[in-house]
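Peer 1: Submitted below is the structure of interest, expressed as structure tokens.
The values are calculated or read from the model by the stated rules, or taken from the named source; none is laboratory data. The structure presented is a predicted model; accordingly, all values stated were derived computationally and were not measured. Reconstructed Cβ throughout: ideal geometry from the backbone, glycine too, with neighbour counts over all protein chains shown. Just so you know, the surface numbers come from the protein's heavy atoms only, side chains and all, with ligands and any DNA or RNA stripped out. Shrake-Rupley method; radii C 1.70, N 1.55, O 1.52, S 1.80 Å.
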Amino acid sequence: MPIVGTAGHVDHGKSTLIQALTGRDPDRLAEEKARGLTIDLGFAWTDLPSGATIGFVDVPGHERFIKNMLAGIDAVNVGLLVVASDEGWMPQSEEHLAVLDLLELSHIVIALTRTSLADEETVELARAEIEDQVEGTVAAGAPIIAVDSISGNGIDQLVAALDRAVAATDVVDNGRPRMWVDRSFTITGAGTVVTGTLLDGSLSVGDEVAIVPELGRARIRGIQSHEESHEHLDPGTRTALNLSGLATSDVPRGAMLGRPGDWAPTVRSLAGLRTVRSLSAPLQDRGAYHLHVGSGSWPARLRLLNGPELAGSGHAILTTDHPIPLKTGDRFILREVGRRSVVAGGRILEPRPPE
């Protein structure tokens, strides 16, 4: 089941667009509804004309909530970049595109929203601006669909573009399931429930899972996906697991579920690194960084291997105080604390390199 993740500047209509596509409001918090502002991750789903069911992860667009955005975007298969036609390209349009680019998300659809607030010439100027801005990134050549979520104009064309994009995606099953937790809560009479996107393998009711790193073990009492119960789920699926033997506090956002013995967390990794194109000054070893992998975020130290500074591509040793369950090929984002922005990203080349 492919997962589509939104991206784009605050107030450009991401959540309204998801509601128009699915009939479900992804904003679930009372504060979000009161403020009309997405603060945390939201979820929805729908069936496509091809018969495929897709899940949506809706992310906040405000720069203050970039950490929440990063917690939800890593596991998606298709990026839905949203730009308002009456405002055009904005700072978080650039930062969110940088995230999609650093994660090497090769399937992108661009929605040009709020077309009822702009005349035809303004819409075409916005389209031309987007084409210029995405040049040289993973979104270059992506379809740009003009839509209006209120009237429904262009929604059918956007659905068709999403259908084509998800048809081109692949789901990996290497027999080693894992799920990064993005929500955990308690349901009266059921106990602890955690949600996330199941990756790399399958899980079944009755399976024992370990909460990595070293947060305990639990048994799966129940599995749901899109409000339907299942005995078994394959990878690439938005999943809710009812766990026995653990409290909600035992499985915070950023924890990972996997089979016992499958994962050996590490505090030191060799990584291939690439900086964002908007970088104002090169990266340095002495910077303060946060490493974002899966749904988690950890303070990290950087040791550059190609010189004292980096602007472009290179290699680095990433070190964290807390062990993280990583494998070769895992994608990550690096955010610098001082600049308060995404500065780089890349892939883990060796999760436990020799000293």
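Peer 1: What number of residues within the range 80-107 satisfy the criterion of being outside any loop (DSSP other than H, G, I, E, B), under 13 Å from the mean Cα position of the chain (by Cα) and either over 19 Å from SER313 (Cα atoms) or not small (Gly, Ala, Ser) (or both)?
Peer 2: Of the residues in that region, 8 qualify.
Peer 1: Is one or more of the residues making up the range 152-174 within 30 Å of GLU120 (Cβ to Cβ), in a loop (DSSP other than H, G, I, E, B), open to solvent by 40 Å² or more (accessible area, probe 1.4 Å) and not aromatic (Phe, Trp, Tyr)?
Peer 2: yes
Peer 1: Would you confirm whether any residue within the range 91-98 is in contact with a His (Cβ under 6 Å, 6 or more places away or on another chain), under 18 Å from GLY13 (Cβ atoms) and not hydrophobic (A, V, I, L, M, F, W, C)?
Peer 2: Initially, the range 91-98 is screened for residues in contact with a His (Cβ under 6 Å, 6 or more places away or on another chain), giving 92-93.
This time we only want the ones that are under 18 Å from GLY13 (Cβ atoms), so: 92-93.
From what's left, not hydrophobic (A, V, I, L, M, F, W, C): 92-93.
Yes, because at least one residue in the range 91-98 is in contact with a His (Cβ under 6 Å, 6 or more places away or on another chain), under 18 Å from GLY13 (Cβ atoms) and not hydrophobic (A, V, I, L, M, F, W, C).
Peer 1: Right, something else. When only residues in the range 225-234 that are open to solvent by 10 Å² or more (accessible area, probe 1.4 Å) and modelled with pLDDT of 90 or more count, which is farthest from VAL57 (Cα to Cα)?
Peer 2: The selected residue is GLU231.
Peer 1: Still on this model: Is at least one residue of the range 320-337 under 19 Å from GLU94 (Cα atoms) and either among the β-branched types (Val, Ile, Thr) or open to solvent by 50 Å² or more (accessible area, probe 1.4 Å) (or both)?
Peer 2: Checked the range 320-337: at least one residue is under 19 Å from GLU94 (Cα atoms) and either among the β-branched types (Val, Ile, Thr) or open to solvent by 50 Å² or more (accessible area, probe 1.4 Å) (or both).
Peer 1: When both residues are 6+ apart or on different chains and their Cβ atoms are under 6 Å apart, which pairs have a first residue that lies in the range 175-199 and is under 21 Å from PRO325 (Cβ atoms), and a second that is among the basic types (Lys, Arg)?
Peer 2: Here the result reads VAL181/ARG253; ASP182/ARG253; THR195/ARG183; THR197/ARG238; LEU199/ARG178, each pair linking the range 175-199 to a residue that is among the basic types (Lys, Arg).
Peer 1: Which residue pairs have Cβ atoms closer than 7 Å, lie 6 or more positions apart in sequence or on different chains, and pair a first residue in the range 146-170 that is touching a residue at least 24 places away in the same chain (Cβ under 8 Å) and charged (D, E, K, R) with a second residue that is open to solvent by 40 Å² or more (accessible area, probe 1.4 Å) and outside any loop (DSSP other than H, G, I, E, B)?
Peer 2: Partner pairs satisfying both residue conditions: ASP148/SER116.
Peer 1: Give just the number: which of (1) in contact with a Gly (Cβ under 7 Å, 6 or more places away or on another chain); (2) of a type in the set (D, E, K, R); (3) at pLDDT 95 or above does GLU350 not satisfy?
Peer 2: Unmet for GLU350, out of (1) in contact with a Gly (Cβ under 7 Å, 6 or more places away or on another chain); (2) of a type in the set (D, E, K, R); (3) at pLDDT 95 or above: (1).
Peer 1: Quick one: which residue in GLY88, GLY61 is free of Cβ contacts under 8 Å to residues at least 60 places away in the same chain and in contact with a His (Cβ under 6 Å, 6 or more places away or on another chain)?
Peer 2: GLY61
Peer 1: Regarding the range 176-187, can at least one residue be identified that is over 21 Å from TRP45 (Cα atoms), assigned to a strand (DSSP E or B), open to solvent by 30 Å² or more (accessible area, probe 1.4 Å) and in contact with a Ser or Thr (Cβ under 7 Å, 6 or more places away or on another chain)?
Peer 2: Yes, the range 176-187 contains at least one residue that is over 21 Å from TRP45 (Cα atoms), assigned to a strand (DSSP E or B), open to solvent by 30 Å² or more (accessible area, probe 1.4 Å) and in contact with a Ser or Thr (Cβ under 7 Å, 6 or more places away or on another chain).
Peer 1: Filter the range 188-209 down to the residues that are assigned to a strand (DSSP E or B), over 21 Å from PRO2 (Cβ atoms) and open to solvent by less than 40 Å² (accessible area, probe 1.4 Å) and list them by number. So that I can check it myself, show each step before the final result.
Peer 2: So in the range 188-209, the residues assigned to a strand (DSSP E or B) come out as 191-200, 203-204, 208-209.
This time we only want the ones that are over 21 Å from PRO2 (Cβ atoms), so: 191-194, 204, 208-209.
Matches in the range 188-209: GLY191, THR192, VAL193, VAL194, SER204, VAL209.
Peer 1: Show the residue pairs that are 6+ apart or on different chains and have beta-carbon atoms under 9 Å apart, the first residue being within the range 255-283 and open to solvent by 40 Å² or more (accessible area, probe 1.4 Å) and hydroxyl-bearing (Ser, Thr, Tyr), the second being modelled with pLDDT under 95 and part of a loop (DSSP other than H, G, I, E, B).
Peer 2: SER280/ARG339
Peer 1: Which numbered condition trips up ASP101, out of (1) open to solvent by 40 Å² or more (accessible area, probe 1.4 Å); (2) in contact with a Ser or Thr (Cβ under 8 Å, 6 or more places away or on another chain); (3) closer than 26 Å to ASP74 by Cα?
Peer 2: Of (1) open to solvent by 40 Å² or more (accessible area, probe 1.4 Å); (2) in contact with a Ser or Thr (Cβ under 8 Å, 6 or more places away or on another chain); (3) closer than 26 Å to ASP74 by Cα, only one is false for ASP101: (1).
Peer 1: May I pose another question? Can you find even one residue in the range 214-224 that is assigned to a loop (DSSP other than H, G, I, E, B), over 23 Å from GLY189 (Cβ atoms) and either open to solvent by less than 10 Å² (accessible area, probe 1.4 Å) or of a type in the set (S, T, N, Q) (or both)?
Peer 2: No, the range 214-224 contains no residue that is assigned to a loop (DSSP other than H, G, I, E, B), over 23 Å from GLY189 (Cβ atoms) and either open to solvent by less than 10 Å² (accessible area, probe 1.4 Å) or of a type in the set (S, T, N, Q) (or both).
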